Structure formats: C-alpha cells, structure tokens
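To start, the structure under review is shown below, and the notes come after it.
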Amino acid sequence: MKSDFLVVCLNPTIQKTIILNELKENEVNRSSDYRTDASGKGVNVTRVLSQLGADSVHLTQSGYRADYFLNLTNEDYLNVQTVPNKSPIRTCTTLISNTNITVTEIVEESLPVDVNTETLILDEYKRLLINTENVIISGSKASGFSNNIFPQMVKLAKTAKKTVILDYRGKDLINSVSYRPDIIKINFPEFVSTFFPDYSIGEHEENIKLKELVIEKITELYSTFGIKTILTRGTMPVIFMTETGSILEEKIRLVKPINTIGSGDAFTAGLAFKLNQKASLKEAVLFGAECGSKNAGLLRPGVIR
C-alpha cells in the first residue's frame with residue numbers, strides 16, 4: 001500500500017500533559033486536569049499529516065507498554081509500524097502553569113534497545129521505502145542504536161530517489177549531510193549546537209555575529225550538497241534557504257500559547273505536506289509556520305485542530 005510519507009522516529013513516547021493552576025517547587029502539586037497521548041516527534045508529525053489529509057506511515061520500535069502506546073495511536077487512526085523491542089517506551093511529562101503561563105517539559109531518557117532492533121528497523125524501513133515518495137526522519141534515537149543508522153537511512157532513501165527531510169541534530173546530522181538530504185529543518189539553537197559547538201544560544205535570543213556564521217554555514221550546505229536548511233526561532237522569523245540559493249526570513253503568526261510541545265513537529269508536517277503539493281519553499285515554510293502556531297494554541301501536543 002502506497003503512502004505519501006514515511007515518517008521515522010526511533011524514540012517513541014507516551015506524553016503526559018498536566019495542567020496546574022500554579023506550579024510550586026518543593027511542594028505537592030495536585031491536578032484533576034491532565035491527559036495522556038502517544039507522542040514523540042515522529043508521532044506528532046504523522047498525526048498532523050493525518051489531520052491535513054495525507055497518507056503516511058510511521059516507523060518506530062515497540063517495547064514494554066507497546067499495547068497502550070498503539071491503542072493511543074489507533075485513537076487517532078494513525079498507521080504505525082513497529083518492530084519488537086523489550087525496553088520500555090518512555091514517558092515524558094509536560095507541566096503547564098496557568099498562573100505563570102509556562103510550559104515545563106520533563107524528558108525521560110530512553111533505555112537501550114535490544115541488540116537486534118537496529119537490523120529489524122532497517123529491514124522494515126527498506127520494505128516501507130518502496131511504497132513512498134517522501135521520507136521524514138525526526139527526533140533523537142534511543143540509546144542502543146548505532147551512529148550509522150540515520151546516515152544509512154538517508155543514503156538508502158536518496159539512492160531510491162526519495163525526497164528526504166531531516167529534523168535531528170548533532171553527530172547524526174553531521175554524518176548525514178554528505179548523502180544529500182533535500183531539507184534540514186531544525187531550530188536555531190539545535191543548528192548552532194551541531195555546527196558551532198563552542199557557542200550556545202536560546203531559541204528567543206538574537207546574536208548578530210552568530211546569525212552571520214549560521215547563514216554562512218547554510219550557504220555552504222546548499223552550495224556543497226544542495227541542502228536547503230530551514231531554521232525556526234520560536235517567535236522570531238524563520239530563516240531559510242530557497243530553491244534559488246537566496247536566504248529569506250519570514251515572520252510567523254503569534255498566538256497566545258497554551259502548549260508549545262509539538263509545534264516544531266507541526267511545522268515539519270505542514271512544510272512537507274505543502275512541498276508534496278509542489279508548492280514553493282516559501283509557501284511551504286509559511287504553511288508550516290501556520291501549523292506550528294495552531295499547535296501552540298492547543299492543549300494536545302502535535303495537533304492542528
């Protein structure tokens with residue numbers, strides 16, 4: 001069965017969202033307002049693609065609590081393909097304070113996957129790759145996977161002439177660029193920590209000198225590998241390389257945020273959706289930004305409605 005998109009994420013998550021009147025440190029915080037969702041960057045991307053009307057399949061590993069995780073994805077009618085693995089699916093927790101208007105994320109690091117999980121994932125990836133035109137690889141990988149798995153996935157997809165969008169950082173990204181993915185879409189601080197590890201910057205900070213260095217690197221990635229880079233910056237304008245090799249900045253629509261978790265994933269989904277419709281990169285970026293804004297204004301992570 002053919003799909004518009006194959007979305008890969010090797011770090012599945014059960015997301016607990018808890019709403020508090022006020023988050024008080026070093027005290028008992030009680031709440032009767034909370035929800036649980038299947039999440040992780042890949043699930044969020046897949047869910048938004050589904051809400052946009054695209055056919056997509058999500059590939060990840062299962063694990064302890066897999067039945068619960070898959071029941072949650074089934075509630076959203078998502079096509080999720082998993083390979084067996086014994087390590088537990090992690091739980092990440094979002095704490096929303098209505099008084100302080102803050103969103104605090106507690107991220108559990110995953111336990112190592114089984115030794116044969118990588119082979120199983122790659123076998124399933126090759127099978128699914130045949131019946132799609134677009135590949136999105138999103139998020140960090142669980143421990144236990146080798147440093148070669150993401151670059152190998154990019155190489156396989158580009159050899160098969162698929163469009164490839166990457167939303168991950170660090171050595172995984174550095175090791176993938178030589179295989180010429182079509183698009184890198186991450187946030188500005190992630191790009192800085194990947195290619196300029198001696199620097200650090202917050203998502204809402206402005207640093208003109210660092211911005212100039214980043215633009216030089218974006219230009220280099222385009223001229224050397226043909227990669228178009230898109231960098232989100234929270235509420236600040238998105239920086240991106242166009243098809244013609246020019247750098248643009250586009251403002252995003254600001255909303256009163258409720259839960260910003262998954263907004264970057266909603267952006268990725270909207271971007272990919274529009275590009276698959278043969279929109280220009282600028283049109284796709286603007287649509288992706290609108291999807292990200294919609295997500296930020298909603299309680300559930302990784303949704304646009």
Only one of TYR68, TYR64, TYR77 is over 30 Å from ASN29 (Cβ atoms) and among the aromatic types (Phe, Trp, Tyr). Can you tell me which?
TYR77
I'm checking my understanding of the structure. Among residues of the range 252-305 that are among the hydroxyl-bearing types (Ser, Thr, Tyr) and farther than 16 Å from VAL7 by Cβ, which one is surrounded by the fewest Cβ atoms within 10 Å (Cβ to Cβ)?
SER280
When only residues in the range 188-220 that are buried (at least 19 other Cβ atoms within 10 Å of the Cβ) and touching a strand residue (DSSP E or B) at 6+ places or on another chain (Cβ under 6 Å) count, which is nearest to SER293 (Cα to Cα)?
PHE188
Test LEU299 against the stated conditions and say whether it is part of a helix (DSSP H, G or I) and not β-branched (Val, Ile, Thr).
no
Just name the residue that is nearest to the chain's Cα centre (by Cα) out of those in the range 16-57 that are closer than 16 Å to ASN74 by Cβ and assigned to a strand (DSSP E or B).
SER39
Taking the range 60-97 and keeping residues touching a strand residue (DSSP E or B) at 6+ places or on another chain (Cβ under 6 Å) and more than 26 Å from ALA272 (Cβ to Cβ) leaves ASN85, THR91, THR93, LEU95, ILE96, SER97
Does LYS211 satisfy the condition of being within 26 Å of SER263 (Cβ to Cβ) and of a type in the set (D, E, K, R)?
yes
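Results for (1) surrounded by fewer than 21 Cβ atoms within 10 Å (Cβ to Cβ); (2) touching a strand residue (DSSP E or B) at 6+ places or on another chain (Cβ under 6 Å), shown as yes or no for each residue.
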| site | (1), (2) |
| --- | --- |
| PHE5 | no, yes |
| LEU20 | yes, yes |
| GLU25 | yes, no |
| VAL28 | yes, no |
| SER31 | yes, yes |
| ARG35 | yes, yes |
| GLY42 | no, yes |
| ASP55 | yes, yes |
| HIS58 | no, yes |
Looking at this structure, is THR104 β-branched (Val, Ile, Thr), touching a Lys or Arg at 6+ places or on another chain (Cβ under 9 Å) and closer than 18 Å to ARG300 by Cβ?
no
Suppose we filter PRO197, PRO189, PRO181 for residues that are farther than 27 Å from VAL57 by Cβ and either outside any helix (DSSP H, G or I) or touching a Lys or Arg at 6+ places or on another chain (Cβ under 7 Å) (or both); which single one remains?
PRO197
Got a sec? Which of THR268, THR229, THR235, THR260 is farther than 24 Å from SER39 by Cα and polar (S, T, N, Q)?
THR229
Can you list residue pairs whose Cβ atoms sit under 6 Å apart, with the first residue in the range 78-106 being within 29 Å of GLY144 (Cβ to Cβ) and the second being modelled with pLDDT under 95 and among the aromatic types (Phe, Trp, Tyr)? Count only pairs 6 or more apart in sequence or on different chains.
PRO88/TYR64
Here are the criteria: (1) crowded, with 16+ Cβ neighbours inside 10 Å; (2) in a helix (DSSP H, G or I). Tell me which single one SER110 does not satisfy.
(2)
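The values are calculated or read from the model by the stated rules, or taken from the named source; none is laboratory data. Since the model is a prediction, treat every value here as computed from it, not as a measurement. Note that we place each Cβ from the backbone using ideal geometry, even for glycine, and neighbour counts take in every protein chain shown.
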